[in-house]
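One structure below.
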Amino acid sequence: MHLHPTPQRIRWNRRNFLKTATLASGAVVFGVPTLLRGQNLNSKLNIACIGAMGKGQSDTDCCVSENIVALCDVDSARCAPQRAKYPQAKFYQNFRTMFDQMGAGIDAVTVSTPDHCHAIIESQAMRMGKHVYGQKPLAQTVYEARYLRNLAKETGVVTQMGNQGSASDGLRRAVECIQAGIIGQVHEAHIWTNRPIWPQGMGRPDDSDPVPETLNWDIWIGPAPLRPYKAGVYEPFNWRGWLDFGTGALGDMACHTVNMTFRGLNLGYPTEIEAQALVGKNNESYPLCSKIRFEFPMRTTEVLTAHETLFHKHDTLKQAPVTLWWYDGGQPSSDPKARGGHDGSNKPPRELTADIEAMLGEIPGSGCLLAGDKGAIFSPDDYGEQFFVKLNGETKFTHFKKSPVVAEIPQTIPRNEFKGDNDLRQHLEWITAIKAGKPEMCYSRFAIGAQLTEIMLLGCVSLRVGQKIEWDGTAMRATNCPEAAQFIKRENRDGWVLS
């Protein structure tokens, strides 16, 4: 089954371009080529999986209902278990060779590589008319995220970003409650994480090791400047902490933990971003502990109405300016239980979390707290799947399924109808959307996932320049900080460009 539109640029007319709702409610819909319409929904897709181990292992396994026709991974030895599991799949170490040899027989790809290669691979696949499931964060730079968002609109392929919490009913219910004004206007959001759980705040090693025969180091380095190989320092997992390859704790987790806030508050471009590297700032890796402030202006958007009629499908929503605070890491710790080498102490002020501590007995390692003028919403997990509500005058938080106030909020956002865990449901939503020719079915399609990624990557930019950024989102420019330009759009190594 080959369900992909014509490569390169696709022209749209009024009939096949349909806008139905706002970004944050998950309903900006772009029409798809008529080639996709009316296809046999029982046919299987031919899927190539780029990055076969780590998160790529579960991304591949979540597509087992389809034909896994190719596995691509720079390390032929490490991915041996997946190669044995999918013996029918052709194996490649170079994704370009795979596309050259098998392009016509591939309908869709999953991309589960280190962050710095995401956009290079995704853009080539999209230009070739392949549908893309891209792991979070969607890209490593602000420019790449914007590029992918525009490319998804241009090509019409079906896309999904791998922040699997988007598939959960709880996350979508929380968005409905926030947009319904259950806690009034939200003025502050505080989001923290137990990351990093890998080394950060370190310098580059002085020595090197021979590159294993099974590893294609040149392809692994990708668009980043070439450097010597050092065993266990960069791959297979510790790349997240390095400036050239990862996006730190913020890039790893914000596409999960900020998701509820981003959607519920209809966050667009921030106007100001200020990051503090509290422990371990240098020019090679992300700090061990950081605190970042994002300022968002007042927003007027449209959300799906609770009572749709022929002439009334959306309500206008005005939301107050909001400050979003991000916290990661902590103070250095030699405790062997301290993953990532820190104590996890970097969290919101105790006066803000006292009720949470009273309810749970401790402050969880990750969390999201929204403070509104009528109350607060708190989620103790990475995905916003579970949340609690505490209205003014109440003495404690109540789980949303037990809250009579939440029960009165109508459902306005479609639910993911698939069975299984959220990771599987997120993939099945993407697969079904491809077969139906309906990109709008994907709740975390690139029109949305790239916007969330772009916002969060601005925190990485502020960390790297070491100062506050005044941001012009439309122009994609730090108006007060010209030195930020090098981090907004990376200068890639020769031969590595966006397609």
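What shape does region 84-132 have by the C-alpha gyration tensor, where a ≥ b ≥ c are the square roots of the eigenvalues, rounded means a/c under 1.5, and otherwise prolate means a/b greater than b/c and oblate the rest?
Oblate, because a/c is 1.5 or more while a/b does not exceed b/c.
Normalising by the residue count of the chain, find the relative contact order in percent from Cα pairs under 8 Å and 6+ residues apart.
Details: 1142 pairs, mean separation 111.2, N = 499.
Relative contact order here is 22 percent.
Let me cross-check THR155: its accessible surface, 1.4 Å probe, with only protein heavy atoms counted, in Å² to the nearest 10?
0 Å²
Output the direction-averaged projected area (hull surface divided by four) of the convex hull of the alpha-carbon atoms of region 296-439, in nm². List each step's numbers first, then the result.
Details: hull surface 52.2 nm².
Dividing the Cα hull surface by four gives the mean projection, 13.0 nm².
Kirkwood Rh over Cα pairs of region 349-393 into Stokes-Einstein at 20 °C, 1.002 mPa s: D in µm²/s? Walk me through the intermediate numbers first.
Working: Rh = 10.8 Å.
In µm²/s, the coefficient is 198.
Evaluate the charge dipole of the chain about its Cα centre and quote only its size in Debye, nearest 20, assuming +1 on the Cβ of each Lys and Arg and -1 on the Cβ of each Asp and Glu.
Values: 54 positive and 53 negative charges, 280 e Å.
Roughly 1340 debye for the chain.
As I understand it, the dipole of region 378-499 uses +1 on the Cβ of Lys and Arg and -1 on the Cβ of Asp and Glu, about the Cα centre. Which of THR432, ILE448, LEU391 lies farthest toward its positive end?
THR432
Shape call for region 168-284 from the C-alpha gyration tensor, a ≥ b ≥ c root eigenvalues: rounded (a/c under 1.5), prolate (a/b greater than b/c) or oblate? Let's see the in-between values first.
Numbers: a/c = 3.20, a/b = 2.33, b/c = 1.38.
It is prolate, given that a/c is not under 1.5 and a/b is the larger ratio.
Would you calculate the convex hull of the Cα atoms in region 45-144 and tell me its volume per residue in Å³?
Values: hull volume 8.4 nm³, N = 100.
Spelled out: Cα convex hull of region 45-144, divided by residues, is 84 Å³.
So how do GLU429, GLU213 rank on accessible area, 1.4 Å probe, biggest first, that is with the largest at the start? Spell out each step's value before the answer.
Working: GLU429 10, GLU213 190 Å².
The ranking, largest first, comes out as GLU213, GLU429.
Averaged per residue, what accessible area in Å² does the chain show with a 1.4 Å probe, protein chains only?
Numbers: 19940 Å² over 499 residues.
Accessible area per residue: 40 Å².
Which value, in Å² and to the nearest 10, is the accessible area of ARG425 when all protein chains are kept and the probe is 1.4 Å?
Roughly 20 Å² of ARG425 is accessible to a 1.4 Å probe.
Under 10 °C and 1.306 mPa s, how fast does region 235-383 diffuse according to Stokes-Einstein, given a Kirkwood radius computed over C-alpha pairs? Answer in µm²/s, whole number. Write out the running numbers ahead of the final one.
Numbers: Rh = 17.6 Å.
The diffusion coefficient I find is 90 µm²/s.
Sort LYS130, LYS401 from largest to smallest accessible area, using a 1.4 Å probe on the heavy atoms of the protein chains. It would help to have the intermediate numbers written out before the result.
Working: LYS130 5, LYS401 155 Å².
Descending accessible area places them as LYS401, LYS130.
What Kirkwood hydrodynamic radius, in Å, does region 139-180 give when the mean of 1/r is taken over all pairs of distinct Cα atoms and then inverted?
Values: mean 1/r = 0.0802 Å⁻¹.
12.5 Å is the Kirkwood radius here.
Which of rounded, prolate, oblate describes region 219-284, given a ≥ b ≥ c as roots of the alpha-carbon gyration tensor eigenvalues and a/c under 1.5 marking rounded, otherwise prolate only if a/b is larger than b/c?
Details: a/c = 2.46, a/b = 1.95, b/c = 1.26.
It is prolate, given that a/c is not under 1.5 and a/b is the larger ratio.
If we restrict to alpha carbons, what Rg and Dmax does region 189-249 come to, in Å?
13.4, 48
For region 306-389, what number results from the quotient of the Cα radius of gyration and 2.2 N^0.38 Å? Don't skip to the answer; put the middle values down first.
On the way: Rg = 18.0 Å, N = 84, 2.2 N^0.38 = 11.8 Å.
Rg over 2.2 N^0.38 Å, computed on Cα atoms: 1.52.
Sum -39500 (n - 2.57) across every DSSP H segment of at least 4 residues in the chain, then divide by the residue count to get the 222 nm mean residue ellipticity, nearest 500. Kindly include the intermediate steps, with their values, before the conclusion.
Numbers: 14 runs with 131 residues, N = 499.
It lands at -7500 deg cm²/dmol.
Separation of region 277-340 and region 236-272 by C-alpha centroid, Å?
First find each Cα centre; the distance between them is then 8 Å.
Hey, how many Å between the Cα centroid of region 366-424 and the Cα centroid of region 136-178?
Each part's Cα centre sits 21 Å from the other's.
Which three lengths, in whole Å and largest first, does region 39-78 cover when its Cα atoms are put on their principal axes?
37, 15, 11
Work out the length of the dipole vector of region 74-206 about its Cα centre, built from +1 on the beta-carbon of each Lys and Arg and -1 on the beta-carbon of each Asp and Glu, and round it to the nearest 20 debye.
On the way: 15 positive and 11 negative charges, 54 e Å.
Dipole magnitude for region 74-206 comes out near 260 debye.
Compute the semi-axes of the equivalent ellipsoid of region 437-491, taking the square root of 5 times each eigenvalue of the Cα gyration tensor, and list them largest first in whole Å.
Details: eigenvalues 152, 22, 18 Å².
Three semi-axes, in Å: 28, 10, 10.
Take every Cα pair under 8 Å in region 446-499 that's 6+ residues apart, average their separations, divide by the length, and report that relative contact order as a whole percent.
On the way: 26 pairs, mean separation 12.9, N = 54.
Worked out over region 446-499, it gives 24 percent.
Consider all pairwise Cα distances in region 358-499 and report the whole-number % of them above 28 Å.
Details: 4786 of 10011 pairs.
Considering region 358-499, 48 percent of its Cα-Cα pairs are separated by more than 28 Å.
Projecting each Cα onto the charge dipole of the chain (Lys/Arg +1, Asp/Glu -1 at the beta carbon, about the Cα centre), which of LEU215, LEU457, HIS307 comes out farthest on the positive side?
After comparing all options, I get HIS307.
Normalising by the residue count of region 379-429, find the relative contact order in percent from Cα pairs under 8 Å and 6+ residues apart. Before the final figure, lay out the partial values.
Working: 31 pairs, mean separation 9.2, N = 51.
Averaging sequence separation for qualifying contacts and normalising by length gives 18 percent for region 379-429.
With charges only on Cβ, +1 for K and R and -1 for D and E, what is the dipole size of region 136-192 about its Cα centre, in debye, rounded to 20?
Numbers: 6 positive and 5 negative charges, 24 e Å.
Dipole of region 136-192, to the nearest 20 debye: 120 debye.
With the Cα gyration tensor of the chain in hand, convert its eigenvalues to equivalent ellipsoid semi-axes via √(5λ) and list them largest first in whole Å.
Values: eigenvalues 222, 179, 87 Å².
Whole-Å semi-axes of the equivalent ellipsoid: 33, 30, 21.
The values are calculated or read from the model by the stated rules, or taken from the named source; none is laboratory data. As the structure is a prediction and not an experimental result, all values here were calculated from the model. Note that we place each Cβ from the backbone using ideal geometry, even for glycine, and neighbour counts take in every protein chain shown. Accessible surface is based on the protein model in full, side chains and every heavy atom, while ligands, DNA and RNA are left aside. Shrake-Rupley method; radii C 1.70, N 1.55, O 1.52, S 1.80 Å.
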